[in-house]
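Reading through the structure tokens given below for one structure.
The values are calculated or read from the model by the stated rules, or taken from the named source; none is laboratory data. These numbers were taken from a predicted model, which means no experiment stands behind them. Reconstructed Cβ throughout: ideal geometry from the backbone, glycine too, with neighbour counts over all protein chains shown.
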Amino acid sequence: MPLSLNEINALVSLLDDDDQEVFQLVSNQLGSLGVDGIPVLEAAWEHIGEPIIQEKIEDIIQKIQFDNLKDLLNIWIKSGGENLLDGVILVAKFQYPELDESKIITQIDKIIQSVWIELNNGLTPLEEVRVINHVFFNLLAFHGDLEHPFEPNNGYINLVLDSKKGNSLILGIIYSLVAKQLNIPIYGVNLPYHFILAYSPIDLAQNELGEIDIQEKILFYINPLNKGLVFSRAEISSYLERSNIKSQEKYFNPSSNLEIVKALIYNQMNGYDQKGQKEKGKKWQVLYKLFD
């Protein structure tokens, strides 16, 4: 049976109880309200006016939001990660739980429209990529933040769409989302410490065509950190060799949506660890382990 407003207010007033057992019981009961209870808790926060209790209410709200995010991400994973944008938006909701999803969709649609206007029938794959590059990197000025490779803000799609600045992973994700909507076959490839794109006329992202030589179906690769520079498999091999990384086929082949979002979460976890924000890093680790 749902708690009444009076019962919720009574529980909130007990948050400053010195008895740890009472406090834990009250916290659990308020936490059980779920996301529907957040507006009531926010109203209680404004009404109370006591900083100590307000801080405890904030902790409860954050726990509710994180638990809800964890549940939604788990559902997305178990559904096979069919929609990449949905997974990327969930990642952003870690820091921005009240995120306006419609704004993100509108911003991406505007990029798609800008590219579509520049396209015409009969373009070669390289010409298609040149058009996207021109709009994405020149007209709209998207660019990589090379000076702050571990900055978590560079991995939140809402911030990157606003600032036009991000890491290779989020830039590549946006690039591939735009291409997909325009029926241009460009897919993400997870490299260690980098994210690139592959142009393939066949959808190989879910590895459903194992009998086909994947490399024969990849025409070229694209570097989202270098204004969409086109390059070959040999240059990936050279990169791996210079980085002392053992070559594996997964570094050359399109990654699934699940693998891409998992990499995005790993980047965020690592970014907060690098900044010394260990508690946030631990929360990201919880989300990362959902993929196991």
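Data table
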read-out	value
Number of the condition not met by ASP145 [criteria: (1) under 27 Å from GLN20 (Cβ atoms); (2) at pLDDT below 95]	(1)
Verdict on GLY188 being small (Gly, Ala, Ser) and either in a helix (DSSP H, G or I) or touching an Asp or Glu at 6+ places or on another chain (Cβ under 8 Å) (or both)	no
Residue selected from the stretch 96-111 under the condition crowded, with 16+ Cβ neighbours inside 10 Å and within 14 Å of the chain's Cα centre (by Cα), by the criterion farthest from LYS164 (Cα to Cα)	PRO97
Filtered residues of the stretch 281-291 (kept if closer than 18 Å to VAL88 by Cα and out of contact with any Gly (no Cβ under 9 Å at 6 or more places or on another chain))	LYS283, GLN285, VAL286, LEU287, TYR288, LYS289, LEU290, PHE291
Residues being in a loop (DSSP other than H, G, I, E, B), more than 22 Å from ASP36 (Cβ to Cβ) and either free of Cβ contacts under 8 Å to residues at least 12 places away in the same chain or β-branched (Val, Ile, Thr) (or both) - total across the stretch 73-106	1
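For every residue, the table says whether it meets (1) in contact with a Leu (Cβ under 9 Å, 6 or more places away or on another chain); (2) part of a loop (DSSP other than H, G, I, E, B); (3) on the phi > 0 side of the Ramachandran plot; (4) not assigned by TED's automatic domain parsing to the domain that holds ILE89.
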{"position": "GLU235", "(1), (2), (3), (4)": "no, no, no, no"}
{"position": "TYR239", "(1), (2), (3), (4)": "yes, no, no, no"}
{"position": "SER247", "(1), (2), (3), (4)": "yes, yes, no, no"}
{"position": "SER255", "(1), (2), (3), (4)": "no, yes, no, no"}
{"position": "GLU259", "(1), (2), (3), (4)": "no, no, no, no"}
{"position": "LEU264", "(1), (2), (3), (4)": "yes, no, no, no"}
{"position": "GLY271", "(1), (2), (3), (4)": "no, no, no, no"}
{"position": "GLY276", "(1), (2), (3), (4)": "no, yes, yes, no"}
{"position": "GLU279", "(1), (2), (3), (4)": "no, no, no, no"}
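Results for (1) part of a loop (DSSP other than H, G, I, E, B); (2) closer than 19 Å to ASN270 by Cα, shown as yes or no for each residue.
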{"position": "ASP109", "(1), (2)": "no, no"}
{"position": "LEU126", "(1), (2)": "no, no"}
{"position": "ASN138", "(1), (2)": "no, no"}
{"position": "PRO149", "(1), (2)": "yes, yes"}
{"position": "ASN154", "(1), (2)": "no, yes"}
{"position": "VAL160", "(1), (2)": "no, yes"}
{"position": "LEU169", "(1), (2)": "no, yes"}
{"position": "LYS180", "(1), (2)": "no, no"}
